[in-house]
1. Might you tell me the accessible area per residue for the chain, computed with a 1.4 Å probe and given in Å²?
2. Which is farthest toward the positive dipole end of the chain among VAL182, SER30, ASN151, measuring Cα position about the Cα centre, with Cβ charges +1 (Lys, Arg) and -1 (Asp, Glu)?
3. Taking the alpha carbon gyration tensor of the stretch 103-149, what are the square roots of 5 times its eigenvalues, largest first, to the nearest whole Å?
4. Counting only residues 5 or more places away or on other chains, whose amide H sits under 5 Å from the amide H of PHE10 once H atoms are built in the peptide plane?
5. What value, in deg cm²/dmol to 500, does the helix sum -39500 (n - 2.57) over DSSP H runs of n ≥ 4 give at 222 nm once divided by the residues of the chain?
6. Once all Cα-Cα distances of the stretch 77-172 are split into 5 Å bins that start at 0, what whole-number percent is in each one?
7. Determine the shape class of the chain: with a ≥ b ≥ c the square roots of the Cα gyration tensor eigenvalues, call it rounded for a/c under 1.5, and otherwise prolate if a/b is greater than b/c, oblate otherwise.
8. In whole percent, and with a 1.4 Å probe on the protein chains, what portion of the accessible area of the stretch 55-100 is carbon and sulfur?
Amino acid sequence: MKLRHYCTYFDANYLGRGLALLLSLRKNSSENFVFHILCLDDFVFDFFTTSAFRDVIPVSLATLEQSDIQLKDVRDGRSWAEYVFTMTGCFARHLFTVDPDLDQLTYLDADTFLFSDPKPVFDEIGDAAVAITPHRFHDRNLALKVHGIFNVGWVTWRRSEAGLRCLDEYRRDCLDWCHDYV
């Protein structure tokens, strides 16, 4: 059976949400998976390195910052939230770099919860290089389009020329500008 790779990040404040996401994957996924967690503080890193989570690979923030100097370089010019939002593409690129066998990676926001098997979503994604969902704002919320038309709460990249090019452009764009204002 194919091994799915998911990734997310959170600190101690989101540990409960991150665990809920992990447990919802365990409960609903019909496929084996590994969950790469970027631990944004020592508490979360210690929690996962001292616990018996067979399907979790914890990565410290220091490890990511050492492997991606450009990420660390923007830290002082951003609020913590802006810095965290900048990490998504950097973390995904890091995982593709350190694991040459990684074929497909799905980023999930830590406050996501799955109520059913995600396999139908992957069936729909098929061999696509990238998958992302639109917000689909209701008419009464159209003003929110100024924040973007896509929801980055679920993004899937495939190790292909187009998939990695998209990931690299996303990473670069977030490093260039990722602020909490329009």
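1. Numbers: 10030 Å² over 182 residues.
Each residue of the chain exposes 55 Å² on average to a 1.4 Å probe.
2. SER30
3. Details: eigenvalues 120, 39, 25 Å².
Semi-axes from the Cα gyration tensor: 24, 14, 11 Å.
4. Residues meeting the criterion, in which the H sits 1.01 Å from N, are LEU38, LEU40.
5. Values: 7 runs with 77 residues, N = 182.
Roughly -13000 deg cm²/dmol at 222 nm, from the helical runs in the chain.
6. Percent of Cα pairs in each bin: 2, 11, 20, 22, 20, 15, 7, 2, 1, 0.
7. Details: a/c = 1.27, a/b = 1.05, b/c = 1.21.
It comes out rounded by the Cα gyration axes.
8. Details: 1160 of 2110 Å².
Reported share for carbon and sulfur atoms: 55 percent.
The values are calculated or read from the model by the stated rules, or taken from the named source; none is laboratory data. Small disclaimer: the values here were computed from a predicted structure and weren't measured. With ideal geometry, Cβ positions are generated from the backbone for all residues, glycine too; neighbour counts draw on all protein chains shown. The accessibility values were calculated without ligands, DNA or RNA, using every heavy atom of the protein model including side chains. Shrake-Rupley method; radii C 1.70, N 1.55, O 1.52, S 1.80 Å.
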